[in-house]
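Notes to accompany the following structure.
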Amino acid sequence: MYPEAKCALNFNTPYELLISTMLSAQCTDKRVNVVTKELFKEYNTPLKMLTLTEEELQQKIKSCGLYKNKSKNILEASRGLIDKFKGEVPRSLEELTSLAGVGRKTANVVMSNAFGIPAIAVDTHVFRVSNRIGIADSKNVYDTEKQLMKNIKKEDWSTMHHALIWHGRQLCKARKPECESCGLKENCKYFKEHRE
C-alpha cells in the first residue's frame with residue numbers, strides 16, 4: 001500500500017538524524033524539518049552544537065515543544081558522543097541508549113535510517129496501528145516492539161515501520177480510522193470487531 005514510505009525527517013548525517021529524532025518527541029516531523037533546516041546550517045556536529053548554551057539552543061528549538069528538556073538532552077548527548085564515541089554516532093542499541101535523552105524508539109530510528117540496520121521503532125502510530133490491525137496485542141510499547149520483531153520477517157522490519165506510520169497518518173487515524181477506504185479491512189482485527 002505504501003511503496004514510497006520512508007523516514008519523513010530530513011537529514012544528511014547520522015548525527016542530524018539523531019538530533020531530529022530527539023526533537024520529534026510529541027512534535028510533527030514537518031515542524032522538526034522546519035527547525036532543523038535552520039539549526040543544521042551552523043550546528044550539525046556534536047562539537048558545533050556544544051558551542052551553544054542551553055538557553056541559546058532552547059530559543060532555536062522552542063517551536064518543537066518540550067524545548068527545555070530537549071535542549072538539555074541534545075547538549076548532553078552531544079557531549080556523550082564526544083566523550084564516549086569520538087564524536088561519531090554509534091550503531092548499536094546499547095550504545096545509542098547510553099546517550100542522554102535517547103530511548104529505544106530514537107535508537108531504532110537511527111539504526112534503521114542512518115545505518116540500514118533492521119529495526120522497528122514503535123512510535124504512537126506504530127503502536128496504535130499494529131495493535132489495532134492485530135499484528136501485535138499489547139498495552140505497552142516495549143512488548144509491541146518485541147511482538148512485531150517476532151511477527152515480521154527481520155528484513156522487513158524497517159520497511160514495515162515506515163508503512164505502519166504512513167498507514168496511521170493516512171487512514172488508520174487515532175480518533176476516526178477510515179476503515180471503509182482501507183485495503184486491510186478484511187484482515188484487520190479492529191474492523192472485524194467494530195463493523196456493524
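The values are calculated or read from the model by the stated rules, or taken from the named source; none is laboratory data. Source: prediction; values computed, not measured. We place every Cβ from the backbone using ideal geometry, glycine too, and count neighbours over all the protein chains shown.
Determine, yes or no, whether residue 111 is buried (at least 18 other Cβ atoms within 10 Å of the Cβ) and in contact with a Phe, Trp or Tyr (Cβ under 8 Å, 6 or more places away or on another chain). Criteria not met by residue 111. Which numbered condition trips up residue 158, out of (1) over 22 Å from residue 95 (Cα atoms); (2) not in a loop (DSSP other than H, G, I, E, B)? Unmet condition: (1).
Note on the range 87-136: enclosed helices (runs of 4 or more DSSP H) holding 2 or more residues that are more than 30 Å from residue 195 (Cβ to Cβ) and modelled with pLDDT of 95 or more are 93-96, 104-115.
Scanning the range 136-159 for residues that are within 16 Å of residue 187 (Cα to Cα) and either surrounded by fewer than 19 Cβ atoms within 10 Å (Cβ to Cβ) or among the polar types (S, T, N, Q) (or both) turns up 137, 151. Among the residues making up the range 167-196, those that are part of a helix (DSSP H, G or I), farther than 20 Å from residue 137 by Cα and under 25 Å from the mean Cα position of the chain (by Cα) are 169, 170. Of all residues in the range 160-181, those that are under 17 Å from residue 194 (Cβ atoms) and surrounded by fewer than 21 Cβ atoms within 10 Å (Cβ to Cβ) total 9. Can you find a residue in the range 66-86 that is assigned by TED's automatic domain parsing to the domain that holds residue 103, in contact (Cβ under 8 Å) with a residue 12 or more places away in the chain, within 17 Å of residue 114 (Cβ to Cβ) and of a type in the set (Phe, Trp, Tyr)? No: the range 66-86 contains no residue that is assigned by TED's automatic domain parsing to the domain that holds residue 103, in contact (Cβ under 8 Å) with a residue 12 or more places away in the chain, within 17 Å of residue 114 (Cβ to Cβ) and of a type in the set (Phe, Trp, Tyr).
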